[in-house]
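Enquirer: Here's a structure for you.
The values are calculated or read from the model by the stated rules, or taken from the named source; none is laboratory data. Computed from a predicted model, the values in this text were never measured in an experiment. Please note: Cβ atoms are built from the backbone with ideal geometry, for glycine as well, and neighbour counts cover all protein chains shown. What goes into the accessible areas is simple: the full protein's heavy atoms, side chains included, and nothing from ligands, DNA or RNA. Shrake-Rupley method; radii C 1.70, N 1.55, O 1.52, S 1.80 Å.
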Amino acid sequence: QSEIVDDASGEETFWLEMGTHTCFNSYGRLLNLLESLDLMGEMQPREKLRYRLLVDDQLCAIPSRLHWLELFTHIWRIFSLQKGERAIADYYSTLLGQQNYRDLFRHAFNAVVCQPADAMPADMLFRKRPRNKAVMRSYTFPQGLGTIIEALAARLPIQTGCEIGNITRTDDGYQLQTSRGDYHCTTLICATPAPAAALLLRHAHPELSDRLHWIHEVEIESVGVVVARSALSLEPLAGIIAVDGDFYSAVSRDIVDHPTLRGFTFHFKPGRLDDDEKLARICQTLQIEPHDMDYTFYKTNRLPAPAAGHHALIAEIDALLADQPLGLVGNYFNGVAVEDCLERVEQELQRLTRRNP
């Protein structure tokens with residue numbers, strides 16, 4: 001999700017991520033996809049920069065919020081403590097100490113998932129995967145991660161602006177009633193958010209639809225700003241983690257240098273500020289004036305909000321899917337990272353292929 005603007009010099013374009021912003025060499029399925037799209041040669045390293053904490057409207061280093069003695073007396077539990085069915089707050093306060101979790105890690109985790117993270121299952125965050133050391137640790141592309149979507153779209157027959165009115169089950173598959181006519185398929189895959197899948201499948205699979213309704217979502221109000229380098233005194237950084245306040249984080253475009261522009265995407269908590277108040281908050285944080293913002297972009301994103309019992313709910317959904325010619329993929333199964341979504345795609349394709357070779 002990149003916004004592209006023309007540099008005033010006309011020499012370069014400038015992109016700004018409004019959603020997903022980082023890919024890693026541990027995303028093996030994504031690397032396979034990039035290879036099939038002939039994009040491996042276009043990968044571009046991200047500059048190694050630090051995150052800063054925003055505490056009482058002051059930026060500070062992350063280690064300054066650590067309680068070191070508490071950390072040293074708790075961290076040894078990493079060798080025996082299992083995530084299991086624990087929530088993030090329970091697991092990490094046990095592993096790192098209550099004060100460390102309260103003063104630092106809670107806010108860092110909130111920033112990662114752009115929502116209150118306390119009740120989320122701990123095993124959905126920071127899933128360990130093998131790294132491909134032949135590939136740079138983290139990367140993007142000359143025009144941002146939107147390059148991947150554009151390359152995929154170029155190879156697929158896609159219809160946009162086509163409203164789906166109803167999906168019904170037939171003897172040999174599904175009938176889709178749309179604003180552009182009816183379609184029939186023997187196998188159907190819904191790559192939508194859980195609430196959309198619940199609505200689409202309410203007639204064809206009412207039991208499944210009922211389970212999907214239990215998966216809640218949260219809204220994130222994102223604002224991107226582009227500022228001239230000369231207007232900012234702020235040192236280059238990877239992003240800002242807010243300790244409480246009106247936003248979760250601000251992700252910086254500084255990880256890819258540009259000669260004249262800098263960009264930031266602020267992920268605001270929903271319903272707290274109007275657009276003018278958000279811009280005022282951004283100016284306060286970056287220590288700039290409103291006229292310093294050359295471009296502004298607005299986007300509302302939605303993310304799943306898994307809580308206790310999430311894994312049991314997904315198990316029920318998978319049991320209902322087991323003998324159906326229907327696939328469900330998305331970011332509400334294994335996690336919200338790109339690789340988590342691709343893992344679910346792989347699992348569903350394998351299941352559907354076994355069912356109908």
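Enquirer: Of the numbered conditions (1) under 25 Å from Gln324 (Cβ atoms); (2) more than 24 Å from the chain's Cα centre (by Cα), Pro195 fails exactly one; give the number of that condition.
Expert: Checking Pro195 against (1) under 25 Å from Gln324 (Cβ atoms); (2) more than 24 Å from the chain's Cα centre (by Cα), the one that fails is (2).
Enquirer: To continue, here is another question. Could you list, in sequence order, all residues of segment 153-169 that are touching a His at 6+ places or on another chain (Cβ under 7 Å) and either open to solvent by 90 Å² or more (accessible area, probe 1.4 Å) or over 16 Å from Ala196 (Cβ atoms) (or both)?
Expert: Thr168
Enquirer: Can you find, within segment 270-291, the residue that is nearest to the chain's Cα centre (by Cα) among those that are among the aliphatic types (A, V, I, L, M) and over 23 Å from Glu219 (Cα atoms)?
Expert: Leu286
Enquirer: State all residues of segment 132-175 that are in contact (Cβ under 8 Å) with a residue 60 or more places away in the chain and in a strand (DSSP E or B); if no residue qualifies, say none.
Expert: Ser138, Tyr139, Thr140, Gly173, Tyr174
Enquirer: Here's a check for you: in segment 318-354, which residue that is under 24 Å from Pro116 (Cβ atoms) and β-branched (Val, Ile, Thr) is surrounded by the most Cβ atoms within 10 Å (Cβ to Cβ)?
Expert: Val336
Enquirer: Now for a different question. Just need a number here: residues in segment 292-312 that are surrounded by 15 or more Cβ atoms within 10 Å (Cβ to Cβ), of a type in the set (A, V, I, L, M, F, W, C) and over 20 Å from the mean Cα position of the chain (by Cα).
Expert: Final tally of qualifying residues: 1.
Enquirer: I would also like to ask the following. Need pairs with beta-carbon distance below 6 Å; first residue over 16 Å from Phe105 (Cβ atoms) and within segment 58-84, second of a type in the set (D, E, K, R) and surrounded by 10 or more Cβ atoms within 10 Å (Cβ to Cβ); sequence gap 6+ or separate chains.
Expert: If the second residue must be of a type in the set (D, E, K, R) and surrounded by 10 or more Cβ atoms within 10 Å (Cβ to Cβ), the pairs left are Leu59/Arg52.
Enquirer: Somewhere in segment 134-145, is a residue closer than 29 Å to Trp68 by Cβ and not charged (D, E, K, R)? Spell out the reasoning first.
Expert: To start, the set of residues in segment 134-145 that are closer than 29 Å to Trp68 by Cβ comprises 137-138.
Then keep just the ones that are not charged (D, E, K, R); that gives 138.
Yes, some residue in segment 134-145 is closer than 29 Å to Trp68 by Cβ and not charged (D, E, K, R).
Enquirer: The conditions are (1) open to solvent by less than 20 Å² (accessible area, probe 1.4 Å); (2) assigned to a strand (DSSP E or B); (3) closer than 30 Å to Gln347 by Cα, and Asp182 fails exactly one of them. Which is it?
Expert: All conditions pass for Asp182, except number (1).
Enquirer: State whether one or more residues within segment 74-87 are open to solvent by less than 40 Å² (accessible area, probe 1.4 Å) and closer than 30 Å to Arg302 by Cβ.
Expert: Yes: segment 74-87 contains one or more residues that are open to solvent by less than 40 Å² (accessible area, probe 1.4 Å) and closer than 30 Å to Arg302 by Cβ.
Enquirer: What is the number of the single condition among (1) modelled with pLDDT of 95 or more; (2) open to solvent by less than 90 Å² (accessible area, probe 1.4 Å); (3) farther than 28 Å from Asp254 by Cβ that His107 does not meet?
Expert: The number of the failed condition is (3).
Enquirer: Confirm whether Gly245 is surrounded by fewer than 14 Cβ atoms within 10 Å (Cβ to Cβ) and of a type in the set (Gly, Ala, Ser).
Expert: no
Enquirer: Please tell me if Gly224 is within 30 Å of Val329 (Cβ to Cβ), without any contact (Cβ under 8 Å) to a residue 60 or more places away in the chain and of a type outside the set (A, V, I, L, M).
Expert: On the way: within 30 Å of Val329 (Cβ to Cβ): yes; without any contact (Cβ under 8 Å) to a residue 60 or more places away in the chain: no; of a type outside the set (A, V, I, L, M): yes.
Criteria not met by Gly224.
Enquirer: Being of a type in the set (Ser, Thr, Tyr), in a loop (DSSP other than H, G, I, E, B) and buried (at least 18 other Cβ atoms within 10 Å of the Cβ) is true for just one of Ser26, Ser93. Which residue is that? Can you show your working first?
Expert: Values: Ser93 fails: in a loop (DSSP other than H, G, I, E, B).
Criteria check complete, one pass: Ser26.
Enquirer: From the set of residues in segment 252-287 that are more than 21 Å from Tyr139 (Cα to Cα) and of a type in the set (S, T, N, Q), which is surrounded by the most Cβ atoms within 10 Å (Cβ to Cβ)?
Expert: Here the answer is Thr285.
Enquirer: From Ala204, Ala191, grab the single residue that is open to solvent by less than 30 Å² (accessible area, probe 1.4 Å) and touching a residue at least 12 places away in the same chain (Cβ under 8 Å). Before you say what the answer is, go through the steps one by one.
Expert: On the way: Ala191 fails: open to solvent by less than 30 Å² (accessible area, probe 1.4 Å).
Step by step, each of Ala204, Ala191 is checked, and only Ala204 is open to solvent by less than 30 Å² (accessible area, probe 1.4 Å) and touching a residue at least 12 places away in the same chain (Cβ under 8 Å).
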